[in-house]
Amino acid sequence: MNPTTANYDEPWKEALTEYFEAFLYFFFPEVHQLIDWTKIPESLEKELKRITASAKTKKRFADKLYSVISYQLSVISYHFPTDY
């Protein structure tokens with residue numbers, strides 16, 4: 001018998017795609033208020049795949065990448081925990 005592997009990643013990705021603004025509002029309110037929400041965030045899936053394809057390590061820290069318009073000109077970086 002071959003055990004079936006559960007796919008927990010895809011539902012989270014779909015939820016984040018659908019509720020991106022609400023996610024940032026709840027978990028990162030300081031970041032949420034810096035974004036111009038009159039402009040639709042752009043998902044950069046193809047760009048992320050290109051970046052991770054050329055990575056020398058298999059360990060990944062990001063599954064989603066978005067481009068947003070900010071009210072301030074500053075780079076915001078946050079490292080998500082990998083233990084989930």
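The values are calculated or read from the model by the stated rules, or taken from the named source; none is laboratory data. This one's a predicted model, so the numbers in the text were calculated from it and none came from an experiment. With ideal geometry, Cβ positions are generated from the backbone for all residues, glycine too; neighbour counts draw on all protein chains shown. Calculation scope for accessible area: heavy atoms of the full protein, side chains included, ligands and nucleic acids excluded. Shrake-Rupley method; radii C 1.70, N 1.55, O 1.52, S 1.80 Å.
As a summary of the residue check, S70 satisfies the conditions (1) in contact with a strand residue (DSSP E or B) (Cβ under 8 Å, 6 or more places away or on another chain); (2) modelled with pLDDT of 85 or more; (3) polar (S, T, N, Q) except for the one numbered (2).
If you filter the stretch 3-41 down to residues that are open to solvent by less than 100 Å² (accessible area, probe 1.4 Å) and among the charged types (D, E, K, R), you find that the one that is nearest to K64 (Cα to Cα) is K13. Hey, could you check the stretch 43-67 for residues that are within 17 Å of E10 (Cβ to Cβ) and of a type in the set (K, R) and say which is modelled with the lowest pLDDT? In this case the residue turns out to be R60.
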